[in-house]
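Here's the structure we're looking at; comments come further down.
The values are calculated or read from the model by the stated rules, or taken from the named source; none is laboratory data. Since we're looking at a predicted model, the values are computed, not measured. Heads up, the Cβs are rebuilt from the backbone with ideal geometry, glycines too, and the neighbour counts pull from every protein chain shown. Surface areas here come from the heavy atoms of the whole protein model, side chains and all, with no ligands, DNA or RNA. Shrake-Rupley method; radii C 1.70, N 1.55, O 1.52, S 1.80 Å.
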Amino acid sequence: MQRTVIIDALKSTALNQPINVRGWVRSRRGNKQISFIALNDGSTIKNIQIVADMSRFTEEQLKPVTTGACISATGLLVPSQGAGQAVEIQLQELEIYGTADPEQYPLQKKGLSMEYLRTIAHLRPRTNTFGAVFRIRHNMAMAIHTYFHEHGYFYFHTPLITASDCEGAGQMFQVTTKNLYNLKKTEDGSIDYSDDFFGKQTALTVSGQLEGELGAMALGKIYTFGPTFRAENSNTPRHLAEFWMIEPEIAFIQKDELMDLEEDFIKFCVRWALNNCMDDLEFLNQYVDKGLIERLHSVVNTDFVRLTYTEGINILREAMKNGKKFEFPCNWGDDLASEHERFLVEEHFGKPVIMTDYPKEIKAFYMKINEDDKTVQGTDVLFPQIGEIIGGSVREESLSKLENEIRRRNIPDKDMWWYKDTRRFGSAPHAGFGLGFERLMLFVTGMQNIRDVIPFPRTPKTAEF
Ligand code: 4AD
Ligand code: MG
């Protein structure tokens, strides 16, 4: 018989007719007369109840139906006697696909810690929490493609292997096929990459932006959505070594339009979650973060605050005067720490903040320099619970100013010739941003650690699975 997915079975009105469902047993309880199996197939957070009349089955037949086992169950779909579900299945035929030894299957107990579940990331998608998180993750990816497609952007694929360091932070993972124990050296003692696979030093990309700009200078509006790699040795709940980034790049827009886009795009994604993932959000709201749904509504319904870095520093220093203590200093010119960002967003304004016009020394080489020659047109979005969720900027379109920055920062010119060509041939004002997909996921799910919103996290000293 053809399989019905549980999300459809639970909504079905074909009562007293045969139905087949397949999935993993969440629990089995009962007595000598009757047995209740809670079955889940991942299509929804909800289980379907399967009722086995023990006058039709032997104990022996039902013995392998333990938590974690995979079964196929056929029977009549009937109105449920019990509370909690409209329908249930009266079991007629049972097939066991795979057993799960109760002595060994790790997901027996409720309330296992997130830390422990990370050590069994190969099985954790079968828990309610991770099932919900990964269904939401899929839906957020669909929201992102929908938003850009409907607004006339083209999905532009940028390379994962590259020779240029977009952010200039030197956090790249090298890509090589060279024998690391026997490296060929040049006369001055440095490594000779001429015989390496690409004939030059290459690494995994930290951002698709530079190539994204090339796309925008031809197609007008593009976005990327792909994996990004950073060898940041920061073991925080908000950093991954491999994360996914969304990077739109748009010709002919200025700072205000960029900020409008950042705000509209995030609100669209959050609204999408509220419209498409309510069952999973309600579960997370109940068991993970009681303020989640309210916070999602509040972000959708509020105007983000827009303020300059300089105004932000003044607010922080004023707060310090009034007794607020921070771990890190915040003088004009310092990069804001997460505690500063969260103070502004959570305590001072109580809403998301778009911060602009940062000191140029703390930002990347490609940002448009303001007339003061001290600040650049960055437009980061700071979020409650998360801190920085978006990093964006207007790009420097003047070739001479860009060359100046490249020189001043000692960026190897040989890796930049093609990028500079965009400013040499038909340069145009343009802007874009990068949204960290897992940071958005943290916000939308209420999960506390970024390792718990990606199926197989990569962080310092962990690359299991
Ligand atoms: O602020 P970042 O470094 O900006 C860029 O890479 C620009 N090239 C983007 C652009 O303008 N096209 O990174 C952008 C976002 C951050 O705001 C953050 O959300 C996320 O990427 N991010 C990380 N997420 C998880 N783990 C990490 N190690 C991250 N580093 C950055
Ligand atoms: Mg940033």
ask   = If we keep just the residues of region 49-85 that are of a type in the set (S, T, N, Q) and within 23 Å of residue 280 (Cα to Cα), which is most open to solvent (accessible area, probe 1.4 Å)?
value = 85
message = Cβ-Cβ under 8 Å, sequence separation 6+ or interchain: first residue in region 433-456 and under 14 Å from residue 293 (Cα atoms) and in contact (Cβ under 8 Å) with a residue 24 or more places away in the chain, partner among the charged types (D, E, K, R) and within 10 Å of ligand 1 (Cβ to nearest atom). Which pairs?
response = 442/238
task = Kindly indicate whether any position in region 175-185 is open to solvent by less than 50 Å² (accessible area, probe 1.4 Å), within 16 Å of ligand 1 (Cβ to nearest atom) and of a type in the set (A, V, I, L, M).
result = no
ask   = Do we find that residue 429 is farther than 18 Å from residue 231 by Cα, in contact (Cβ under 8 Å) with a residue 40 or more places away in the chain and of a type outside the set (A, V, I, L, M, F, W, C) in this structure?
value = yes
ask   = Do you know which residues across region 128-166 are open to solvent by less than 60 Å² (accessible area, probe 1.4 Å) and among the acidic types (Asp, Glu)?
value = 165
message = Here is a list: 34, 7. Which entry is within 14 Å of residue 86 (Cβ to Cβ) and not acidic (Asp, Glu)?
response = 7
Members of region 387-415 found to be touching a residue at least 24 places away in the same chain (Cβ under 8 Å) and acidic (Asp, Glu), listed by number = 388, 396, 397, 405, 415
Criterion: among the aliphatic types (A, V, I, L, M), modelled with pLDDT of 95 or more, under 27 Å from residue 219 (Cβ atoms) and away from ligand 1 (no atom under 16 Å from the Cβ) - qualifying residue of 136, 161 = 161
inquiry  = Condition first: within 17 Å of residue 448 (Cα to Cα), of a type in the set (D, E, K, R) and surrounded by 20 or more Cβ atoms within 10 Å (Cβ to Cβ). Now tell me which residues in region 260-303 satisfy that.
reply    = 280
ask   = Looking at region 328-340, which of its residues are open to solvent by 30 Å² or more (accessible area, probe 1.4 Å) and touching a helix residue (DSSP H, G or I) at 6+ places or on another chain (Cβ under 6 Å)?
value = 332, 335
Any chance residue 391 is within 13 Å of ligand 2 (Cβ to nearest atom), closer than 24 Å to residue 302 by Cβ, open to solvent by 10 Å² or more (accessible area, probe 1.4 Å) and under 17 Å from the mean Cα position of the chain (by Cα) = yes
ask   = When the residues of region 225-249 are filtered to those that are open to solvent by less than 10 Å² (accessible area, probe 1.4 Å) and more than 15 Å from ligand 2 (Cβ to nearest atom), which remaining residue is farthest from residue 427 (Cα to Cα)?
value = 248
task = State all residues of region 6-48 that are open to solvent by 60 Å² or more (accessible area, probe 1.4 Å), over 26 Å from residue 130 (Cβ atoms) and either touching an Asp or Glu at 6+ places or on another chain (Cβ under 7 Å) or in a loop (DSSP other than H, G, I, E, B) (or both); if no residue qualifies, say none.
result = 13, 15, 16, 31, 32, 33
remark   = Considering region 109-130, residues that are among the hydrophobic types (A, V, I, L, M, F, W, C) and over 19 Å from the mean Cα position of the chain (by Cα), and then whichever is nearest to residue 26 (Cα to Cα), we arrive at 123
note = Picking from 103, 88, 60, 115, the residue that is in a strand (DSSP E or B) and of a type in the set (Asp, Glu) would be 88
query = When residues of region 417-433 are filtered for being open to solvent by 10 Å² or more (accessible area, probe 1.4 Å) and not in a loop (DSSP other than H, G, I, E, B), how many remain?
reply = 7
request  = Go through 413, 452 for me and flag whichever is open to solvent by 10 Å² or more (accessible area, probe 1.4 Å) and out of contact with any strand residue (DSSP E or B) (no Cβ under 8 Å at 6 or more places or on another chain).
outcome  = 413
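Residues checked against (1) more than 12 Å from ligand 1 (Cβ to nearest atom); (2) of a type in the set (A, V, I, L, M, F, W, C); (3) buried (at least 17 other Cβ atoms within 10 Å of the Cβ); (4) touching a residue at least 60 places away in the same chain (Cβ under 8 Å):
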site	(1), (2), (3), (4)
342	yes, no, yes, no
362	no, yes, no, no
369	yes, yes, yes, no
372	yes, no, no, no
379	no, no, yes, yes
inquiry  = For region 381-416, give me each residue that is modelled with pLDDT of 95 or more, among the polar types (S, T, N, Q) and either in a helix (DSSP H, G or I) or within 15 Å of ligand 1 (Cβ to nearest atom) (or both).
reply    = 393, 400, 404
message = Suppose the filter is open to solvent by less than 50 Å² (accessible area, probe 1.4 Å) and at pLDDT 95 or above; does residue 215 pass it?
response = yes
